[in-house]
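S.K.: Supplied in structure tokens, the structure appears directly below.
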Amino acid sequence: MVLQCLTWIPHLWDQLLYSVTIHKNGFVRPLPEEIIIDILSRLPADCVLECRVVCRKWLALTSTPYFVEMHCKRAAPFHFVQSVYDSVIKNELDLFIIFDGVKKDKMIERTRAGYMHLKRPNMPLLYGSCNKLLLFRPRFDGLMYFVCNAVTREQITLTSPVDPGMLCGFFFHLPMKEYRELAVRKEGTGFRYYMYSLVGKLGRRIAAFSYPPTSFVTPTIVNGALHWTVEHKSENEDIPPCTDAVRMFNMDNEDFRSMPHPGKECHSQSIYEKMCLLEMKRKLSFCSIYARLIDIWVLEDYENWYWNIVKEVDGAAVKMSDDLHCFHIVTDYAKTFVSLTKI
Amino acid sequence: MASAPENEKNASAPEKKTLTLKSMINNEEFVVDEHVALQSVTIKNMVDSDCAGDVIPVPTISGEILALVIEYCKNHANPSASEDDLKKADAGIVAKDIYTLIDLVLAANFLDIKGLLEVTSQKIADSIKDLPHQDVREIFGVENDYTPEEEAAVRAEHDWAFEGFP
């Protein structure tokens, strides 16, 4: 019992260690690291960047995977909308950031894409997001891609590591703690993938496959893998088999796999064009549009590739559903392209 | 809330145990109901292991801060308080200057009161959110140990991307 009473001692010792840093406002006792981490993880990303300049210790504290994970969990989610239809008329790109959980009148922040120097017809289109980074691709084929930090509005330009080539994935490689891009280019009768690391600026060849991944949207990242639907080859209208409709890339071991899409076999080019993968409650989901009907499937069992149909929506009345994490609707590409991405 | 029937109060009165918390900084004493004080995991552990005497000395926490902690515990020990009431009360407790908040967060950490730690940390984060790093240094009494070149490098490196984001 006496021993248990010694529980105060470590506390007292800690407190003694925080003893006397004399400050003009009196005593400022240094905070324990875990409290500093907790406080900093509650700050918006740009303020965390500012706080990294405070001292080396704070830089170290905010650079650990633990901090990063905690910060991501706490960060207020926001939606990002771009209006391309308007911009065709006004010749500029309107971007809106919609913040969740703030007062209505402050919810929408309109941000002119002043930081994008590409003008019509090469206006950038929102292509996807990775953490709080937004990825834009040129409206027409080209090599220039942009990554913008939605919080700080900084941007960098990405070029495809292979020329001619197409960027088909942008992701954060956790073990190496670096951003990587995946590019694809036509080689012979197939398509060859290239991996490019943003930090080392190093590119390398990886697997080849007979069909290219879809170029409209970024891959959906769940379970440590990137997922695309495949596209038919443009020159010979060769429709990919339904059993190979979903292409997967494992970020860790860099393995590619092909899996069938859910639902009945379609063998139709127009259906292929309107398929898309989404993320729904951290599960892979699949959306396909037959005529005006939208089917949404969820991959309930990843290992056994078991899909469950969760929604059938009439396309005419399509409304955003709250539980969708990432949704791209392409109604009529020439007229309206709405990308709504939760980042 | 305050209109609890008289007989009920009397009925529970004999069982009510109190604890005395004493700030070791200025020797101020606070008599609190045991169930209020037990929201502190540190105090609960002491009571559970029979270490608590009549007076529990609380080191390094001033009477001013201890009063705030007890106010928080009282509010949260009241079963009839609605979530909204508690939110308002919490906001009132943490509506203090940054130095008081730092003392309060240390107290909450020391006494192991999770909820108080959470609201105080959030309030500190809100208070330093828009401050330049020089002010943050001053508030937390942190020395700048970067060389000017290093400091510039840290700024440049994190300009566009939040490196380390998973």
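S.K.: Taking the Cβ of residue B:46 as the center, what net charge do the other residues with Cβ under 15 Å away carry, scoring Lys and Arg +1 and Asp and Glu -1? Don't skip to the end; give the middle numbers.
M.R.: Details: positive: B:17, B:22, B:44; negative: B:34, B:48, B:50, B:54, B:112.
My count for the surroundings of residue B:46 gives -2.
S.K.: If you don't mind, another one. Given a cut-off of 21 Å, name the pairs among B:96/B:129; B:44/B:114; B:88/B:114; B:16/B:96; B:87/B:114; B:74/B:114 whose C-alpha atoms lie farther apart than that in the structure shown. Please list the in-between numbers first.
M.R.: Numbers: B:96/B:129 16 Å; B:44/B:114 13 Å; B:88/B:114 18 Å; B:16/B:96 32 Å; B:87/B:114 15 Å; B:74/B:114 15 Å.
The pairs that break the limit, which is 21 Å between Cα atoms, are B:16/B:96.
S.K.: Keeping all protein chains in the complex and leaving out DNA, RNA and ligands, what accessible area do you get for residue B:54 with a 1.4 Å probe, in Å² to the nearest 10?
M.R.: Rounded to the nearest 10, the figure is 130 Å².
S.K.: What nm value, rounded to one decimal, do you get for the distance between residue B:130 and residue B:16 when each label is placed 7 Å out toward the C-beta?
M.R.: Taking the simple label geometry, residue B:130 and residue B:16 are separated by 4.5 nm.
S.K.: Ordering B:137, A:192, A:257, A:74 by accessible area with a probe of 1.4 Å, largest first, what comes out? Please report the intermediate quantities before stating the final value.
M.R.: Values: B:137 30, A:192 50, A:257 120, A:74 90 Å².
Reading off the accessible areas and sorting them downward yields A:257, A:74, A:192, B:137.
S.K.: Follow-up. Short version: ³J(HN,Hα) in whole Hz for each residue of the range B:98-114, in order, from phi by Karplus 6.51 cos²θ - 1.76 cosθ + 1.60 (θ = phi - 60°), x for Gly and Pro, what are they?
M.R.: 4, 6, 5, 5, 5, 4, 5, 5, 5, 5, 5, 5, 5, 7, 6, 10, 4
S.K.: Sorted by accessible area (1.4 Å probe), largest first, how do B:121, B:82 line up? Can you show the working numbers first?
M.R.: Values: B:121 0, B:82 50 Å².
Ranked list, largest accessible area first: B:82, B:121.
S.K.: So between residue A:267 and residue A:56, what do we pick up on full extension, going 0.36 nm a residue minus the alpha carbon distance? Before the final figure, lay out each step's value.
M.R.: Numbers: separation 211, 0.36 × 211 = 75.96 nm, distance 5.83 nm.
Here the answer is 70.1 nm.
S.K.: Taking all pairs of distinct Cα atoms, average 1/r, flip it, and tell me the Kirkwood hydrodynamic radius of the range B:16-129 in Å to one decimal place.
M.R.: Mean inverse Cα-Cα distance, inverted, gives 14.3 Å.
S.K.: Determine the sum of side-chain charges near residue A:171: Lys and Arg each +1, Asp and Glu each -1, restricted to other residues whose C-beta is under 11 angstrom from that of residue A:171. Mind dumping the intermediate values first?
M.R.: Details: positive: A:180; negative: A:178, A:181.
Cβ neighbours under 11 Å give a net charge of -1.
S.K.: Can you give the FRET efficiency for residue B:85 and residue A:174, using 1/(1 + (r/R0)^6), R0 = 41 Å, r = Cβ-Cβ distance, to the nearest 0.05?
M.R.: 0.45
S.K.: Next up: Of B:74, A:283, which has the most accessible area with a 1.4 Å probe, and how do the rest follow in descending order?
M.R.: B:74, A:283
S.K.: In Å² (nearest 100), what accessible area is buried between A and B, both sides summed, heavy protein atoms only, 1.4 Å probe?
M.R.: On the way: alone 19460 and 11210 Å², together 25700 Å².
Answer for the A-B pair: about 5000 Å² buried.
S.K.: Check residue A:210: other-chain or 5+ apart residues with amide H under 5 Å from its amide H, H built from backbone geometry?
M.R.: Answer set, sorted by chain and number: A:191.
S.K.: Report, by chain and number, residues whose modeled amide H sits under 5 Å from the one on residue A:284, excluding near sequence neighbours (fewer than 5 apart, same chain).
M.R.: A:299
The values are calculated or read from the model by the stated rules, or taken from the named source; none is laboratory data. Predicted, not measured: the structure shown is a model, and the values here were computed from it. All Cβ positions, glycine included, derive from the backbone under ideal geometry; neighbour counts span all protein chains shown. All accessible areas refer to the heavy atoms of the entire protein, side chains included, with ligands and DNA or RNA removed. Shrake-Rupley method; radii C 1.70, N 1.55, O 1.52, S 1.80 Å.
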